[in-house]
Each structure stands twice: as C-alpha cells, then as structure tokens.
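To keep things clear, I will list the structure first and then write my remarks on it.
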Amino acid sequence: MSEALVAVETAGTDTSVPAVSGARQFWRRLRAQRAALVAAVVVALLVLVALAAPLLTALEGQDPTTYHPSLIDSARGGVPIGSLGGIGADHWLGVEPQTGRDMFARLVYGARVSLGVSLGATLAQVVIGVAMGVAAGLGNRWVDLVLSRITDIFISMPLMIMSLALLAIVPSGFPRPVLVALIISLVSGWSTTAKMVRAQTLALKNLDYVSASRLSGWSTWRTAVRELLPGLAAPVITYAALLVPANISAEAALSFLGVGVKPPTPSWGQMLTSADVWYQAAPQYLLLPALALFLTVFAMTVLGDGVRVALDPRAASRLRIGTGRKREARAGTAVPKPGPAATEATQDATQDVVPDATQDATQDLVPDAVPDTASDAVPGAASKKEERA
C-alpha cells in the first residue's frame, strides 16, 4: 500500500521542471514592469557616464576646470558668446557663464560626485541601520531600550544644522565628497533603517525556525546571519533603493547651501548654486543640472518602486493573472459570449436532458409506508387522546 502511494505521488510530481530560484523569480517579476526596466536602463546609463567621465571628456577634448575667457562676453557680464550658451563642435553643451568652463565636462564629472556620494551614503546607512536594528531586536530589554533611544535622538537631529556644525570642526584638508557622504549617512537615513529592521526582527524571531536555532544553542551572531538576514533582505533592499534618490537630493541641497562640495570640484548642486543668478541671461546653465538631477531622482524612484513590487511575494499572482490574459488575447482563444438564440437553445437542451422518469424515480424513493401524521407514527397515541377527552 505504501509503495503504491509512493508511486502515485512520484507520478503526480513533475520532476522535469526545475524549481525557480529566488533570483529568477525576482527578474521575471521585474521584467513584467516596463517602467522599472526603462528606469533601470536610465540608471545604468547614468552610472556608465559617471564611470567613463575621463574618457568622454577626452573625446571632447575638454576638462572641467580649464577657464576659457575668450568664449565669454565680458561687456555683457560674462554671458557666453554664441547661441545656446556657446554650443559647438569643441563644446558640446556650451560653456559656463563668467568662467567659460566646459558644461559637458562639468556635468559628467558632477555625476561622479552626486552618484558616488549618494551610493556611499546609502551603503553606510544600510550597514549601520541593519546592525542597530538586529541588535535591538535580538537583545534583551535594556539593550533594546538603549539602542531605541539612541535611534530616536538621531531621528530628531536636523540635517542642515548638524552639517554646519560638523563642517566647522573638520579640517579643511579632509576630502569634501567623503565628508558629505559621512554627514548624510550618520545624521539621517540609518535611524529610519534601524527602526524598520528592528520591527522586522521582532516579527521574525518569533517564528519556529528562528526559535529552534536559538534553542539549539546557536549564538546570537550565527542566528542573525543564518536565519534573520535572509528574511530581512527584501525589505532592506527595497528601502535602500528608495534611499538613493533621497541622498542625491540631500547632497544637492547641501551643495546648494554652500556646505557641500567646494569648487573647483563639480557637482550638480553646486552648479545650481552658481546658476541662480543666470537663469535669464543663460538659462541652459540652470536647466542642464536641474534636468540631470530630476532625471536621476525620478529614475531611481521608479526603479525602487519596481524593486519593491518584484520582491513582494503577493505580486506573483497578480503578474501571473495579467500575463495569462495577455496570452489569451494574443492567441485569440478568448471564449465568445453566447447570443440570445444560443442561450435559448442551451436551456431547451438542458430541459430535454432531464427525463420525466427522474421525477418518478424520486417519488419511488419515498416509501408509501411513511405515516402522514404524528398520531399514525406513534402507536396508541390516538387512544390516549380519546381517554383524556
């Protein structure tokens, strides 16, 4: 009997189709979102431009720090000579007002600073936030209380004021992009990550497999690495994807206020700071870095939302249903709705299928010996009623 059951179960299991891994499921769900794919392509191109900035400026024959005073009109206050800010074969996007520095070179080098600062700050925020959140979730009551209060203190700190305070005490020779990334990561971002990770850790540590690992004698570190981090991967990656555009905006805001990257190092926020007085005489000087910032933040936000949907296990059924409907529409296998004539014919055929003998058979199932009244069913009941009367 057991061998037969094993044979039936083996026959009913399709071993020819391998189990789909988590990475393949994630990629399949992400491909179903066209907006997320377009955003991923845009982000990949921006990262490629930032990495290949020296090569691109070498092809143009310019660099981001060289002044070209002959390309600006000093009589008009330093406005670039020529149409559209001096665009030409030597300067693909024109030159900067008042200095004559190449705009294309400063934009591509500014992408390195903006993306590098935001990605570095995001990495530091995730590492610190995950460490604090897991320690607070797995620790005892006092450890959780102390770490939670420290997190609350950092959440309440204003970014701009703390940035001004730290920049006043840090030596001027310290690399400014690294300093900006440290300020963004230490002051903001990691505290909210720690709050999210702590909540997820408290929910996961009550599960059976985590409790079993702790009862078996595993250390807290081994339990966190082997059991908790795989469960925390999806929410942490989703939140990190949404932190990148926020950090880009924070770096641009710090540079715009003059507490970020210093000249001559190019940055999109710094270019916006210098362009606030040139929006009428040379609008391209303001529009180009603003457009680059908008495109980067928008693409990162759309990609982060796509990653969130792809990592959501509930999205699998929704994507599968939508894919099935599209496949049926393309193949033309949709079942047509029946007309009035077909509906009447179906009802007539249904009535004809049920023979009259069914009713007779139903009546035959009820024996005639069933008493009609309760007095007939109980013997002697009628005589007792007569005696009482």
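Please treat every number below as a calculation from the coordinates, not as lab data. From a predicted model like this one, the values you see are computed outputs, not experimental measurements. All Cβ positions, glycine included, derive from the backbone under ideal geometry; neighbour counts span all protein chains shown.
Full extension of the segment from residue 65 to residue 290, taken as 0.36 nm per residue of separation minus the current Cα-Cα distance, would add 79.0 nm. Here the label points at residue 166 and residue 83, each 7 Å from Cα along the C-beta direction, are separated by 4.8 nm in the simple model.
For the pair residue 23 and residue 90, a Förster radius of 45 Å applied to the C-beta separation gives a FRET efficiency near 0.45, rounded to the nearest 0.05.
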